[in-house]
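Structure first, commentary second.
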Amino acid sequence: MLAAARKDLLLDRLRRDGRVVAKEIADELGISPDSVRRDLRELDAAGLAVRVYGGALPASPAVVDYAARAAVAPESKRRVAAKAATLIRPGCAVILDGGTTARAVVDAMPKSLPCTVITHSPTIAAALLDHEAEVFLLGGRLFKHSAVTCGAAAAEAASRISADLFLLGVTGVHPTAGLTTADLDEAAMKRALAARAADTYVLASVEKIGTASRYAVLPLEEIAGLVTDADPGEPTIAELLSQGAEVLFADISPDPPRPSA
């Protein structure tokens, strides 16, 4: 089998099974594991797979920069955001992650909602200027790819706050890889924020389900729940439900209701 055909097969198995094991594919095709590992390296370099020990996982399409990310699954993000916004109760303190789904949460929040929003995203803070919410912006080095602060100064600022709720954005949600993102420092900042909240819920629009990125954020057992509009029968969601995870399903109607003022 030619290399191009092998890569097509590997991508098909990633879509179907959510992972590939190099030795199993090599045995099936009667080729050396080194040939499969070489194919997986090339797929990883092309952004089509994420290599892990012994094989690979499907790559998340959500690792593009902030500007490009706005065009990825916008309707799904609006649905997830509308559901996640209902978790923000009057008087509560919420940590709101950066990213386009978190930005959609701001749009879904009633402007008159009395709460406190803590964020390390300048774009989130600016979007809340006309809201009644009190806003605390955590400073630090600006990671321009995701429009958030991270690094030592931001982590130090995070260590001094506490909140009732953290709405966490990730680029991948996978039953074995857990919650992942594409930058090491950003992953560390997300963990620092999760450590300061009583409950962490993940904003999981449909394109992130069943995929993975390079760096681990948290294992699935360390979150309170997942907010998604994925089908309950989707293999990753079905596995999470079988493990007892809380999954909040968003309304899948085309246009989520807009918040009242």
Taking the options ALA187, ALA238, ALA153, name whichever one is surrounded by fewer than 19 Cβ atoms within 10 Å (Cβ to Cβ), touching a residue at least 12 places away in the same chain (Cβ under 8 Å) and either of a type in the set (A, V, I, L, M) or not assigned by TED's automatic domain parsing to the domain that holds SER121 (or both).
ALA153
LYS83 being within 30 Å of VAL52 (Cα to Cα), under 19 Å from the mean Cα position of the chain (by Cα), buried (at least 20 other Cβ atoms within 10 Å of the Cβ) and basic (Lys, Arg)
no
ARG6 over 30 Å from ALA163 (Cα atoms), among the basic types (Lys, Arg), at pLDDT below 90 and touching a helix residue (DSSP H, G or I) at 6+ places or on another chain (Cβ under 9 Å)
yes
Tally of residues being among the polar types (S, T, N, Q) and within 18 Å of the chain's Cα centre (by Cα) across the stretch 221-255
2
Taking VAL227, is it closer than 22 Å to LEU14 by Cα and either among the hydrophobic types (A, V, I, L, M, F, W, C) or not assigned by TED's automatic domain parsing to the domain that holds VAL105 (or both)?
no
Please report, ordered by residue number, the helices (runs of 4 or more DSSP H) entirely within the stretch 43-148 with at least 2 residues that are closer than 20 Å to THR200 by Cα and out of contact with any Ser or Thr (no Cβ under 8 Å at 6 or more places or on another chain).
74-85, 100-108
Mind listing just one residue for me: the one in the stretch 58-80 that is of a type in the set (Lys, Arg) and either modelled with pLDDT of 95 or more or out of contact with any Gly (no Cβ under 8 Å at 6 or more places or on another chain) (or both) and, of those, surrounded by the fewest Cβ atoms within 10 Å (Cβ to Cβ)?
ARG78
Among the numbered criteria (1) at pLDDT below 90; (2) touching a helix residue (DSSP H, G or I) at 6+ places or on another chain (Cβ under 6 Å); (3) within 30 Å of PRO110 (Cβ to Cβ), which single criterion is violated by PRO175?
(3)
Contact list, first residue from the stretch 20-47 and closer than 27 Å to THR181 by Cα, second anywhere and among the charged types (D, E, K, R) and not in a helix (DSSP H, G or I), beta-carbon distance below 6 Å, six or more apart or interchain, is LEU40/ARG51; ASP44/ARG51
Which of the residues that make up the stretch 181-233 are among the aliphatic types (A, V, I, L, M) and part of a loop (DSSP other than H, G, I, E, B)?
ALA182, ALA195, ILE223, ALA224, ALA230
Suppose the filter is within 30 Å of GLY140 (Cβ to Cβ), under 16 Å from the mean Cα position of the chain (by Cα), surrounded by fewer than 17 Cβ atoms within 10 Å (Cβ to Cβ) and not aromatic (Phe, Trp, Tyr); does LEU203 pass it?
no
Selection from the stretch 106-138 of residues over 19 Å from ALA81 (Cβ atoms) and in contact with a helix residue (DSSP H, G or I) (Cβ under 6 Å, 6 or more places away or on another chain) yields LEU137, LEU138
Listed residues VAL202, VAL206; which is more than 16 Å from SER121 (Cβ to Cβ) and modelled with pLDDT of 95 or more?
VAL202
So ALA133 clears everything in (1) outside the structural domain of ALA182 (by TED's automatic domain parsing); (2) of a type in the set (A, V, I, L, M); (3) surrounded by fewer than 24 Cβ atoms within 10 Å (Cβ to Cβ) except one condition, right? Which one?
(1)
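The values are calculated or read from the model by the stated rules, or taken from the named source; none is laboratory data. Just so it is clear, the model here is predicted, and its values are computed rather than measured. We place every Cβ from the backbone using ideal geometry, glycine too, and count neighbours over all the protein chains shown.
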